[in-house]
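The values are calculated or read from the model by the stated rules, or taken from the named source; none is laboratory data. All values derive from a computational prediction rather than experimental measurement.
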Amino acid sequence: MAQIEELQEKYSDIANFVIVYIKEAHPDDEWQMESNEESGVIYSQPKSTEERRELARAFIDQMDVQTETLLDDIDNTAMACYAAWPERLYIIGTDGRIIYKGGMGPFYFDPDEVEEILLKEFAPATD
C-alpha cells in the first residue's frame, strides 16, 4: 500500500487513484494463510454487502489507507470484469480505455511499471 500511496502523492496532478475493495483473498472459511493467522487477520468471506463494507473499513483502518476506496458488489462484478483477484493494478485513460493492466498480485504487482506508464502517457512535455 505504501508504494501506491507514494505514487498517488507524486502523481495526483495527472491521475486519480482509486482502490476497489473486492472479495477476501484468504478467508478463514476458504483458504487461510498462516501469516494472516499470525497477524490476527482472520475473516470469513462476506455474505452481504454490509459484511464486505465492514471488512473494507477494517482494511482501511488497519492499513491507514488514504486512497479513495470503492466497494465491489457482493456479486463481485468489478472483480470479474477486471480479473482483479487477488489484486491487480490498472491505468485507465481519459477516454475510459484500459492502457495498462498489471500482473496478478501479489507476485506480479509492480507499482514501478505504473509509474513508468504515468510518466510516458500523462506527464507534461518538457522543453
Quiz item: What tally of residues in segment 45-84 results from selecting those that are over 22 Å from E6 (Cα atoms) and modelled with pLDDT under 90?
Solution: 2
Exercise. Take the residues in segment 85-111 that are at pLDDT below 90 and hydrophobic (A, V, I, L, M, F, W, C), then tell me which one is nearest to M1 (Cα to Cα).
Key: F109
Exercise. For V20, indicate whether it is at pLDDT 90 or above and of a type outside the set (S, T, Y).
Key: yes
